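One structure is given below, encoded as C-alpha cells.
Just so it is clear, none of the values below were taken in a lab; they were calculated from the coordinates. In this text the structure is predicted, and so the values were computed from the model without any measurement. No Cβ is skipped: glycine too gets one built from the backbone with ideal geometry, and neighbour counts run over all protein chains shown.
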Amino acid sequence: TSRSWDFMGFNRKVKRSVIESDIIVGMLDTGIWPESQSFNDTGFGPIPRKWRGTCQSSTNFTCNNKIIGARYYRANGDYSPYDYRSPRDSEGHGTHTSSTAAGGLVSKASLYGLAKGTARGGVPSARIAVYKICWYDGCYDEDILAAFDDAIADGVDIISLSVGSIFWSDYFDDTIAIGAFHSMKNGILTSNSAGNSGPSPSSITNFSPWSLSVAASTIDRKFVTKVKLGNGVTYEGTSINTFDLKGKMYPFIAGAAAPNTSQGYTSEDSRYCGPGTLDETLVKGKIVFCDYDSNADGPVEAGAIGAVFQSGRHKDYAFAYGLPLSNLNLDDGRIVFDYVNTTENPTATIFKTNVEDNQFAPFVVSFSSRGPNPVTADILKPDLTAPGVDILAAWSEALPLTETEEDTRVVSYNIISGTSMSCPHATGAAAYVKSFHPTWSPAAIKSALMTTAFPMSSENNIEAEFAYGAGHINPALAARPGLIYDAGEIDYVKFLCGQGYSPKQIKLITESNTKCSEVMNEAVWDLNYPSFALSTTPGDSVTRVFHRTVTNVGSPVSTYKAVVNAPPGLIIQVQPSVLSFKSLGQKQSFTVTIGAQLGNSMVSGSLIWDDGVHQVRSPVVAYAS
Amino acid sequence: HGSSDNRKVYIVYMGSLPKGKVSTTSLHTSMLHEVLPGNTVGSDVLLYSYHRSFNGFAAKLTKDEAAKLRGKDGVVSVFLSQRKQLH
C-alpha cells in the first residue's frame, strides 16, 4: 500500500530480519494476479527448504520465487464464465490482500493518479503461498477447510483469511475457527478479518481466541469529490472519482423527475435511480440526483454523464463508480436537491477526487464489525485494528475497475475498503514479528501485536475496545514487546473445558487426556490472554480474579512495575505489582482483580507493565452484557 | 448449495489426525458406507477427505444421514456448509 505503513510509523527503512525471505505467508482468498509488479521475484533466492506445497501450474498460471505455491479449491458448484480454473484471481480481492501483506516495493503506484506512492506490503521479502477458495458466488466451507488442511501441512508461517460468515457459530461448528485451531496447534497464527457488519454490537463473526481478529480503521487521508452547482456553490462529497469532466457544467436533473413510465415506474421509484427506473431520453447527457446510494448501474444504464447521491452512508469510506459521482451527506444533499427542484435549467459539474488529510485518523470505520464476543463474553474481541479504509494495493487485470457493464477500465492498482484490507496489514505485521522471533508461538506473536498497539480513544468510537480491541497495530514496536502473554494448546484445552466441551470432544480435538474439573469453569478468566474482559448483567456489581503469566523477552535483567488506569466504576488490583526478571525467557505470574459496578454500560481501563523501556499494555473492559 | 436429491454439503469434523498409520480416507469412506443407502461413495458424495493436518471430511448428505454421523464415535461436529463472504 502507498500510505498505510508510513502512517503507522513503519517506514521503508525499518530494521529487517535476514530471514524475512524465509517467511511464507499463506493467503486464503480469491487467488492472485501473478504478473503484478508487486509479486516480481527479481532478487529472490531459491524457495525455502521447509516448503512442502505445490503450484498448480497451467497454461495461464505459473509461480515464481515470490509466489512459491498456488492451489485452487472448488469441490461443489459451477464455475462462472469469468472464473479462471486456476489460482489466477478473476476478482481482485486476493491480489489486493496478498500485496498488502507481502507485496514487493513498486514506485509510482496509483489509481489514475490517486493515492500515488510506493506500494509495498508489510514483509516485502517474504514468500506468498496462494490458496484460492473464493469464487464468483462466495467462499464455501468445504473449500476453506481443504485449504487450511493443505496450508498447515505445506509449511506456511502465517495464514491470512479475509472472509467470514454473516452469522456467528460455535467454535467447532465454524470452519475458520477449526482451521485456525489446527494452525495454532502447528505453530501457525491465523489472522482473520473481524467482518463488515458494524457498527451493531456483537456483529463480529471471526472471534476464536486462538486467532487474531482484526478491525478496520482509517488512515490520515480521505477522498473528497466536489460538486459545483450552476449557482457557483460547491459541496464536498465522498467517492473515488477518476473521471475528469474538466469543470464543464452539465444539465442537472433529479431522478424523481425522470421516471421510466414506459416500464411502469413512477417518480417514487426513479428518485432512487435503480436500474431501469430512469427515462433514458430525460437523463442522457445529464447529471442525475439520486435519493440513495447504489452501485450507480441505473444512471450509467440511462446514459447519465454523472450522478450525485445523497445518503447517510459512505461518510467514512469511498467507492469507485462507473461514471463521475459524488456521495453527499444528507444536509448538503437536501440543499442540492432544493437547487435542482427550484432552479430553471439547473446545472452542475463533478470534479476529479482530491486526496485530503483526515485529521481524525485513526478511527474504526463504521462498517467494521464490533464486539463483544458473541460466544465467550469474557474474551475481548476484536483484538486490534489496522488500516482498512481506502487502501491502494495491487489488483487483478482480469476485470474492469467497477462492476458497471460499460466500464472497460483495467487497472493494476485499486483502492478498496474492508476488514479484508485491515487483516493483511496485521498478517504482514505478524510475519514481521515472526521474522525476528521464528520460534514464537501464535499466542506470543498475537500478544506482541496487541500489547504494543497504539492506544486509541473512545472519542471517535463510542464502542471503544469493542471497536478497536487493544488499539492500532504498531509493527515496528511489535518486534520488541518486552513481555509476552504466551499460550499453547494445553491452555486452550482448559479454556474449552470451561466452555462446556466434553472431555470426549476435547480428546478428539486436541489429543489431550485432560480431565475437565469444575475449577475449569473459571478458565476463561485464566486463559493467558493479552487483554481483560469482564461481563455482568446490567445493574450488578461483579468482581473476578484473572491469573496471568508473562515471559521476559526484553532485557535479561529488568523490573517491571504495574501501572493501572482505572476510571470511576472500575477497580483493578494487581498482585504483585512489581515483577523482577533475571534472565530472558523467565516467566512471572500475577493476578489481576477486576471489580465493576455497572448500570447499562461499559467502562475501560488498562494495565501497563513498565520497565522504563517497554510499556506492555493490556486493555481492561467491564461491561453490562 | 447441494444437489437435486435433497443432499446438501455437510462438514464432518473429527478433530486431530489419528495416531499411527491410519488411512483416514478409508475411515471416512467406511463411515459414509455405514450411513448411506447402498454402497455408493463416489467423488460425487465425498467431496474432500481432510487428512493432512486434521481429521474430517466434506460430503453430500441428507439431513438423516448427517444426524446418524453426528452420533458416531470419533465425530466432534457435523454442520451444513455455509457460503462465506469476502470482507
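Things worth noting here:
- Residues A:F360, A:F590, ranked from the fewest to the most other C-beta atoms within 10 Å, line up as A:F360, A:F590.
- One chain, two ends: A:D540 and A:S457. Fully extended at 0.36 nm per residue, the span grows by 27.3 nm beyond their Cα-Cα distance.
- Euclidean distance of C-alpha centroids, region A:558-594 and region A:288-335, integer Å: 52
- Centroid-to-centroid separation of region A:167-235 and region A:521-553 [C-alpha atoms, Å]: 25
- For the residues of B:57-63, the average number of beta carbons from a partner chain within 10 Å of their own beta carbon is 2.
- Magnitude of the charge dipole for region A:509-605, about its Cα centre and with charges confined to Cβ atoms of Lys, Arg (+1) and Asp, Glu (-1), is about 400 debye.
- Cα centroids of region B:17-52 and region A:420-434: 36 Å apart.
- Ranked for footprinting exposure by Cβ neighbours inside 10 Å, fewest first, A:E236, A:E91 give A:E236, A:E91.
- Computed over region A:244-356, the percent of Cα pairs more than 17 Å apart is 49.
- Size of charge dipole - chain A - debye, nearest 20, with Cβ of Lys, Arg +1 and Asp, Glu -1, no other charges: 2220
- Chain A: Rg to Rh, with Rh as the Kirkwood radius over Cα pairs: 1.00
- Average partner coverage of A:419-429, which counts Cβ from other chains inside 10 Å: 1
- Under a 5 Å amide H cut-off, with hydrogens placed 1.01 Å from N, A:F309 pairs with A:C290, A:S326, A:N327, A:L328 among residues at least 5 apart or on other chains.
- Scoring A:54-67, A:219-232 by mean Cβ neighbours within 10 Å over their residues and listing the highest first yields A:219-232, A:54-67.
- For A:K446, a cut-off of 16 angstrom between C-alpha atoms picks up these lysines, skipping any fewer than 8 places away in its own chain: A:K185, A:K381, A:K434.
- Peptide-level mean, for B:11-21, of C-beta atoms on other protein chains within 10 Å: 4
- Built amide H within the under 5 Å cut-off of A:G103, gap 5+: A:G121, A:G122, A:V123
- By the beta-carbon count within 10 Å of each Cβ, the least crowded to most crowded order of A:R16, B:R7, fewest first, is A:R16, B:R7.
- For the protein assembly as shown, the list of Cys residues with no other Cys C-beta under 4.7 Å reads A:C423.
- Lys, Arg +1 and Asp, Glu -1 on Cβ, resulting dipole of region A:127-230 about Cα centre, debye, nearest 20: 920
- Across region A:528-539, computed HN-Hα scalar couplings (Karplus, 6.51 cos²θ - 1.76 cosθ + 1.60, θ = phi - 60°) run 6, 8, x, 9, 10, 10, 9, 10, 8, 8, x, x Hz from first to last residue, x flagging Gly and Pro.
- DSSP bridge orientation in chain A - percent antiparallel, rounded to nearest 5: 60
- Efficiency of FRET between B:H33 and A:S625 - r from beta-carbon atoms, R0 35 angstrom, step 0.05: 0.15
- Using θ = phi - 60° and Karplus 6.51 cos²θ - 1.76 cosθ + 1.60, couplings along region A:448-460 (whole Hz; Gly, Pro as x): 4, 5, 6, 6, 9, 4, 5, x, 10, 10, 7, 4, 9
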